[in-house]
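Enquirer: I have a structure I would like to understand better, so I am pasting it below and will then ask my questions one at a time.
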Amino acid sequence: MAMAVALVLMVVASLLFHFFSPWWATPLASNWRQMDETLTITLVITAIFFVVINLLIVYILLRFRHREGRRAAYQPDNKKLERWLIIATSIAIMGLLAPGLFVYAAYVTVPANALDVEVIGQQWQWRFRYPGASGKLGRSSVDLISAANPFGLDPADPAGQDNVLINNNELHLQINQPVRMLLRSLDTLHDFYVPPFRARMNMVPGMVTSFWFTPDKIGRYEVLCAQLCGVGHAGMRGYVVVEDAASFQKWLKAQPTFAQSMAPPAPVAAPGAFIAAAAGDALVAQGKALAESKACVACHTVDGSPRVGPTWKGLFGKTETMENGATALVDEAYLKNFIRNPQARVVKGFAPMMPKIEMSDAELEALVAYIKSYGAPAAAPSTQQAQKSAP
Ligand SMILES: [Cu+2]
């Protein structure tokens, strides 16, 4: 009897939880209404079976409970009952599978006017590449990946010269323009997932996977990595900005092409204390942006709270103890060496799990300036910069 009551309560509670739950899907922002409908069909079919099977058990518990003097009869089979069970479960399974086949057929049929956008996943950051005016993405190879060429594009391929490179975690898309996302991973399994778009795909090292969708609502959406890819996985976030055609084109034109990114940087002109101080602030701001786009913030805080890696608050100027007992002063050289070669030494109390993140010398300079701005509490960031730029 207690078991029967428990089952009834479980069924009622499950149904109530479904209808009154605060956890609903995010509003749809793409063409994939079919995916939502398929989920609903699956949910309804499985819910019907869940309720029916549990109530059947309740009925059996009550109807056939033990009574003095009554014995169970042995019935090896029941053709009629088996026929009905086979028919009912077959229909239910077809109902579960068939809609998925239709959606999948649509999912692998990419519209001819889809814009190709490449996504590169790496512990724990995102990068994006758009074709230039030629509409073609140039050749790439993992052998060519370096700090200066994080996408590994082939400099000899003319199709790659005008490719637009986004070296941070914000992707822009034009509303109502179908896109085919071409996915690459540089290290381990990742998954590019924007919940309001529904569509998603695993990113597998050594191959290019793809999926398509059409964003149909203007907005800024969060990108998640949907495959557990290491300790910084939860911090592997990015953004997709869906905007009108004019804003998208304006944004795209402001981004560097591969040819531009490979050109030597222009020398910084205009000396002077005031400009040096402003440049220092700009450097710290650039470092902050890098810390976010390269996902350093997934493991390092700036408020003193511990995470996977040491906090940057008060780090600069401190003496760090290594696992082997040696000590080292955290200065610019220490930080640069550590970021360039994170596995070379192990800080006491932390696991040697920091990934090697490709960064140009200029980016490294900016990141170190940002970490330095959170240095020893005695020197506030502005004082430090003033001291640095005074001579
Ligand atoms: Cu990931």
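The values are calculated or read from the model by the stated rules, or taken from the named source; none is laboratory data. In this text the structure is predicted, and so the values were computed from the model without any measurement. Cβ atoms come from the backbone with ideal geometry, glycine included; neighbour counts cover every protein chain shown. To get the accessible areas, we keep the full protein, side chains included, count just its heavy atoms, and leave off ligands, DNA and RNA. Shrake-Rupley method; radii C 1.70, N 1.55, O 1.52, S 1.80 Å.
Enquirer: Let a ≥ b ≥ c be the square roots of the eigenvalues of the Cα gyration tensor of the stretch 1-99; is it rounded (a/c under 1.5), or, if not, prolate (a/b larger than b/c) or oblate?
Expert: Details: a/c = 7.36, a/b = 1.67, b/c = 4.42.
The shape class here is oblate.
Enquirer: Further question: What spacing in nm lies between the two simple spin-label points modelled at Thr42 and Leu144, each 7 Å away from Cα in the Cβ direction?
Expert: 3.9
Enquirer: Please identify the helices of the chain, taking whole runs of DSSP H, that span at least 27 Å along their own axis as judged from the Cα atoms and have a mean Kyte-Doolittle score of 0.5 or higher.
Expert: Membrane-span-like by this rule: 33-63, 79-107, 273-293.
Enquirer: Percent of accessible area on the chain owned by carbon and sulfur, 1.4 Å probe?
Expert: Numbers: 14610 of 22370 Å².
For the chain, the apolar C and S fraction of the accessible surface comes to 65 percent.
Enquirer: Something else about it: Whole number in Å², please: accessible area per residue of the chain, 1.4 Å probe, ligands, DNA and RNA not counted.
Expert: Value for the chain: 57 Å² per residue.
Enquirer: With an 8 Å cut-off on Cα pairs and a minimum separation of 6 or more residues, tell me the relative contact order of the stretch 115-262 in percent. All intermediate terms of the calculation are to be shown ahead of the outcome.
Expert: On the way: 349 pairs, mean separation 40.4, N = 148.
Relative contact order, the stretch 115-262: 27 percent.
Enquirer: I would also like to ask the following. For Thr321 and Phe350 in the same chain, what is the full-extension length gain: residue separation times 0.36 nm, less their Cα-Cα distance, in nm? Mind dumping the intermediate values first?
Expert: On the way: separation 29, 0.36 × 29 = 10.44 nm, distance 1.07 nm.
Computed gain between Thr321 and Phe350 is 9.4 nm.
Enquirer: Can you give me the convex hull volume of the Cα atoms of the chain, divided per residue and expressed in Å³?
Expert: 239
Enquirer: Let me ask you something else. In Å and from the alpha-carbon atoms only, list the Rg and Dmax of the stretch 27-161.
Expert: 28.3, 91
Enquirer: In what sequence, largest accessible area first, do Thr188, Thr38 appear using a 1.4 Å probe? Spell out each step's value before the answer.
Expert: Numbers: Thr188 50, Thr38 25 Å².
Final ranking, largest accessible area leading: Thr188, Thr38.
Enquirer: Now for a separate question. For Met262 and Ala328, what is the calculated FRET efficiency with R₀ set at 51 Å and r taken between the beta-carbons, to the nearest 0.05?
Expert: According to the calculation, E is roughly 0.90.
Enquirer: In terms of modelled amide H atoms, which long-range or inter-chain residues lie less than 5 Å from the amide H of Arg180?
Expert: It is Leu115, Asp116, Val117, by chain and number.
Enquirer: Once you have a ≥ b ≥ c as the square roots of the Cα gyration tensor eigenvalues for the stretch 115-262, tell me rounded if a/c is under 1.5, and otherwise prolate or oblate according to whether a/b is larger than b/c. Don't jump to the answer; show the numbers that get you there.
Expert: Working: a/c = 1.69, a/b = 1.05, b/c = 1.62.
Oblate, since a/c reaches 1.5 and b/c is not below a/b.
Enquirer: Let me know the shape class of the stretch 1-48, please: from the alpha-carbon gyration tensor, a ≥ b ≥ c as square roots of the eigenvalues, rounded when a/c is under 1.5, otherwise prolate if a/b is greater than b/c, or oblate.
Expert: oblate
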